[in-house]
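Worksheet for the structure shown next.
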Amino acid sequence: MPPSASSRSAPLLSVLLPTFRRPDDLREALDCLLNNGCEGHYEIIVGADAPQASAQRIVEKLRRPELRY
């Protein structure tokens, strides 16, 4: 059974980062967001208009818990 909403801590901030065929720009944007010095619970959600293996590889390679594809 999935944890209930009350047992999970929700992020205080969600950043939605759309991308489409620009892996270099995506990597630069993620580097800026992940190294901004922000403390606290936040999430970065990367979304693509079309399935992109390059975007997914970038997200997976970073292996950060606050980052999702």
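Brief remarks on what is shown
- Count of segment 34-61 residues, restricted to those that are crowded, with 16+ Cβ neighbours inside 10 Å and hydrophobic (A, V, I, L, M, F, W, C), is 6.
- Count of residues meeting criterion [over 14 Å from E28 (Cα atoms) and in contact (Cβ under 8 Å) with a residue 12 or more places away in the chain] in segment 55-66: 3
Every read-out reported here was derived from the displayed coordinates using simple, explicitly stated rules and does not represent laboratory data. What you see is a predicted model, and the numbers here were worked out from it, not measured in a lab. With ideal geometry, Cβ positions are generated from the backbone for all residues, glycine too; neighbour counts draw on all protein chains shown.
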